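The values are calculated or read from the model by the stated rules, or taken from the named source; none is laboratory data. It should be emphasised that the depicted structure is a prediction, and the values quoted were computed from it without experimental measurement. Cβ atoms come from the backbone with ideal geometry, glycine included; neighbour counts cover every protein chain shown. These area figures cover heavy atoms from the full protein model, side chains too; ligands, DNA and RNA do not enter into them. Shrake-Rupley method; radii C 1.70, N 1.55, O 1.52, S 1.80 Å.
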Amino acid sequence: MNKFEISRRRSIEALAGFLAGSPLLSGQIDPIRDHARVPGIKELLTAFEFEAVMYAKQTRAVYNYRAYGEESEFTLRRNRLAFDWVKLAENKAGTSNTGSATVDTSTEIFGTKMAFPILVSPTALHGDLDKDGEQSTHKGAAAASNTPMILSNNSSLSFDKVMSAASSPMWVQLYPKQAMDANKAYLEPAIAQGAKAVVVTVDQLATVYERSQHDRNLNATGGGRGRFGGGGPVPAGNPYRISVGRLWYEWKFFEELRTFVKVPIVIKGILTAEDAKLALEHGVDGIYVSNHGGRSLDYGPSTLEVLPEIVDAVGGKVPVLFDSGLRRGADVLKALALGANAVCLGRVPLWGLGSYGVTGVTRVLEIMQAEFVQAMLQTGCTRLSAINRKIVLANFP
Amino acid sequence: MQIALEPAGRIAPVAELLNTYEIGEMARRKVDAATWALLAPADRAAFDRITFRPRLMVNTTGMDLTLELFGEKHFAPLLVGPVANQRRFHPEAELEMARGAAAAKATLVISAESSVALEQIVPLAKAGAWFQLKLEPDMAKSAALAKRAVAAGCKVVIATGGNWKALAALVKAAGAPVVAKGVLSVADAEAAIGAGAQGLVVSGWTERGATGKNEAIEVLPAIADAVNGRVAVLVDGGFRRGSDVLKGLALGAKAVLVARAPVCGLAAYGAAGVQRAMEILQTDLARDMAGCGKANLAAISRDTVKIHRF
């Protein structure tokens, strides 16, 4: 990104810098009472506000690693823009859903019952944000109407420790390893301990977080990755200086995985109709549309703009999950209207965890759930099966 | 880009630089305002209207960016484009540019208006040298310039400006493949091919100077379609990221010429900055190809990208 481009984060920083130096502001604030005041959890009304608290409470490197995206962050920004390209249609039918109507948001995917079509996406190293790490996330999610959680392959804690912390359903995420025994050694205990599905992440092939690398250059700790690699030193014999650790991926991996994984297998990272069809041919049980929250391929598409072509290609044969960029309940509804069966939230629960721990996770998920119900009512939907493309006006560029 | 966190005026160690914009920022700190005005970043709108369609589960372990152009093998589809009078940017001028290009295994295009005699530059451009001249009304003068460059070891002659008659005369006289630069329409492409050009550079650079609008990437697909492989199509204009280069290749270019990125490297660091600029673009191109499931240049096609309305 060049310095003339505008990002929301940069705008906030610029505005904050301006205000900090402004005599107008210092004239209005009581410097004793309001100095560096962190708001109480109940004062926060949207998921966006949790990000600001998390930013204030965590070290810069811990925040940056989670907030930043790949290279120039075009895709990170586009993920948010895309939700503005889809409008909720007005409820012209006037179907009396304005108050007393009950809304049924429950659903079931792979036998996992959910009160809302919302799961926690797999994200790495919650131990950086909270002393109890993913146990706190799981507790917080479970307290928010038993929200299911997908545990990251890069969890700070083992699957059994996280599983035992709370009662909401758990799935397990995998980054493929070339030695199939390593996948087996990781997945079999998790499945035995109750993982209801396996989510295989297949994007982020040689990714580098350009902006996180600045932390490393500036001698901050944590988060940074090598400039010329996705996670380690430059491999010998690679003339173009990219990390080769994941370049071996091939479709046959899913057939090999199937020989010992008996729970449903979901492929995460699909962004084209062609790949969705190939994934079905290779026997996956679910398609997870994701661009890794803008952390995989810069100038890749936003997930929302490619969701319709993927849903059409899948044709209802398997469930379609969706993530990247969701911050409002209305965003959840837009994704469902374009055909997703459920959405996953990555940064949103992290902002909750990093700001207020367990209660932060619960509160931010409850806000998303409540906003989702409001958006359903606004469009006249009282159950998930009533949500379809007719309730939105999509104008993708 | 968190340049704001750095001490004002600091020139960072070259190994810390992560993208060509940062190299540009270091150049800005090093040169005077008038020189910086020549190097300031271009508009991104045309590139921001193009996204990738990444294909997954494609084995790309043999990642290979090499290609052949006019019988010569290139390490990557990125050449250092022609820039006149490089003493404006570094005291060692084109000599330092040639050292940096060679270190990054990139072919160097030497301008006829170089600050240093081309016979001194060519031996340093160890990954290959091409020559670029502006077609003059005096056809004999252009022919003499081209012959001298070819005799010094330049493999290809790029011609800008002039008319089709002058181009045809150069094709006959040069003794090396001639590439017409500054093509922005199918009609221009047909005329250049008709005059005997063996390659085109789709380019918004005209004798009036760069338009700054990056129109080249916008007209590239139609020109590449019309040319349909009859001659090599190259492109330049506003390429600042590896992803930009991948877009150019997907829309029909065989290779991309970059100038501002290596010139900024030259201004800030000399040869080491040129090398860094070219290596960043090569590495980011390879990374983006891996992300799109392309193990070599032949695998890149029009459906690797999507062009958007806004």
*Tally the residues that are open to solvent by 10 Å² or more (accessible area, probe 1.4 Å) and touching a strand residue (DSSP E or B) at 6+ places or on another chain (Cβ under 7 Å), restricting the search to the stretch A:370-382.*
3
*Applying the selection to the stretch A:252-267, what residues are under 21 Å from the mean Cα position of the chain (by Cα) and open to solvent by 10 Å² or more (accessible area, probe 1.4 Å)?*
A:Pro264
*Select from the stretch B:99-133 the residues that are touching a helix residue (DSSP H, G or I) at 6+ places or on another chain (Cβ under 8 Å), in a strand (DSSP E or B) and of a type outside the set (Gly, Ala, Ser) and list them in ascending order.*
B:Leu108, B:Ile110, B:Phe131, B:Leu133
*In the set A:Gly325, A:Gly354, A:Gly316, A:Gly360, which member is part of a loop (DSSP other than H, G, I, E, B), touching a helix residue (DSSP H, G or I) at 6+ places or on another chain (Cβ under 6 Å), at pLDDT 95 or above and not polar (S, T, N, Q)?*
A:Gly325
*Residues being without any contact (Cβ under 8 Å) to a residue 40 or more places away in the chain and facing another protein chain (nearest Cβ under 10 Å): count how many of those fall in the stretch B:37-56.*
2
*Residue, nearest to the other protein chains (Cβ to nearest Cβ), within the stretch B:11-27, restricted to residues that are touching a residue at least 24 places away in the same chain (Cβ under 8 Å) and within 17 Å of B:Ala259 (Cα to Cα)*: B:Tyr21
*Mind telling me which of the residues B:Ala176, B:Ala180, B:Ala168, B:Ala159 ends up being modelled with pLDDT of 95 or more, assigned to a loop (DSSP other than H, G, I, E, B), open to solvent by less than 40 Å² (accessible area, probe 1.4 Å) and closer than 17 Å to B:Val201 by Cα?*
B:Ala176
*Just for the stretch A:112-131: of the residues that are open to solvent by 50 Å² or more (accessible area, probe 1.4 Å) and touching a residue at least 24 places away in the same chain (Cβ under 8 Å), which one is nearest to A:Gly360 (Cα to Cα)?*
A:Asp128
_Here is a list: B:Lys254, B:Lys213, B:Lys247. Which entry is at pLDDT below 95 and under 17 Å from the mean Cα position of the chain (by Cα)?_
B:Lys213
*asked:* Can you tell me which of (1) of a type in the set (Gly, Ala, Ser); (2) touching a residue at least 40 places away in the same chain (Cβ under 8 Å); (3) surrounded by 24 or more Cβ atoms within 10 Å (Cβ to Cβ) is the one B:Ala127 doesn't meet?
replied: (3)
*Among the strands (runs of 3 or more DSSP E) lying completely within the stretch B:224-310, list those that include at least 1 residues that are buried (at least 23 other Cβ atoms within 10 Å of the Cβ) and among the small types (Gly, Ala, Ser).*
B:255-258
*Assuming B:Val201 fulfils every condition listed in (1) touching an Asp or Glu at 6+ places or on another chain (Cβ under 8 Å); (2) modelled with pLDDT of 95 or more; (3) open to solvent by 30 Å² or more (accessible area, probe 1.4 Å); (4) under 29 Å from B:Arg49 (Cα atoms) apart from one, which condition is it?*
(3)
*What about A:Trp85, is it open to solvent by less than 60 Å² (accessible area, probe 1.4 Å), within 14 Å of chain B (Cβ to nearest Cβ) and not acidic (Asp, Glu)?*
yes
*Filter the stretch A:269-292 down to residues that are part of a helix (DSSP H, G or I) and open to solvent by less than 10 Å² (accessible area, probe 1.4 Å) and give me whichever is farthest from the other protein chains (Cβ to nearest Cβ).*
A:Ala276
*Enumerate the pairs (first residue in the stretch A:256-283 and of a type in the set (Ser, Thr, Tyr); second residue anywhere and open to solvent by less than 20 Å² (accessible area, probe 1.4 Å)) with beta-carbon separation below 9 Å, excluding pairs fewer than 6 apart on the same chain, so at least 6 apart or on different chains.*
A:Thr272/A:Pro301; A:Thr272/A:Val306; A:Thr272/A:Ile310; A:Thr272/A:Ala313; A:Thr272/B:Pro54; A:Thr272/B:Leu56
_Any residue that is closer than 24 Å to B:Gly182 by Cβ, touching a Leu at 6+ places or on another chain (Cβ under 7 Å), among the aromatic types (Phe, Trp, Tyr) and in a loop (DSSP other than H, G, I, E, B) - is there at least one of those in the stretch B:82-95?_
yes
*Would you be able to say whether some residue in the stretch A:305-317 is touching an Asp or Glu at 6+ places or on another chain (Cβ under 7 Å) and in contact (Cβ under 8 Å) with a residue 24 or more places away in the chain?*
no
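Here is a yes/no grid of residues against (1) under 24 Å from A:Thr272 (Cα atoms); (2) at pLDDT 95 or above; (3) open to solvent by 10 Å² or more (accessible area, probe 1.4 Å); (4) assigned to a loop (DSSP other than H, G, I, E, B):
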position: B:Arg29; (1), (2), (3), (4): no, no, yes, no
position: B:Thr35; (1), (2), (3), (4): no, no, yes, no
position: B:Pro54; (1), (2), (3), (4): yes, yes, no, yes
position: B:Val58; (1), (2), (3), (4): yes, yes, yes, yes
position: B:Glu68; (1), (2), (3), (4): no, yes, yes, no
position: B:Lys73; (1), (2), (3), (4): no, yes, yes, no
position: B:Leu79; (1), (2), (3), (4): no, yes, no, no
*In the stretch A:63-93, what residues are polar (S, T, N, Q) and touching a helix residue (DSSP H, G or I) at 6+ places or on another chain (Cβ under 7 Å)?*
A:Asn64, A:Thr75, A:Asn79, A:Asn91
*Scan the stretch A:155-171 and give yes if some residue there is under 27 Å from A:Glu70 (Cβ atoms) and in contact with a Ser or Thr (Cβ under 8 Å, 6 or more places away or on another chain), otherwise no.*
yes
*Could you list all residues from the stretch A:326-349 that are open to solvent by 10 Å² or more (accessible area, probe 1.4 Å) and under 16 Å from A:Thr123 (Cβ atoms)?*
A:Arg327, A:Gly346, A:Arg347
*For B:Lys147, indicate whether it is basic (Lys, Arg) and in a strand (DSSP E or B).*
no
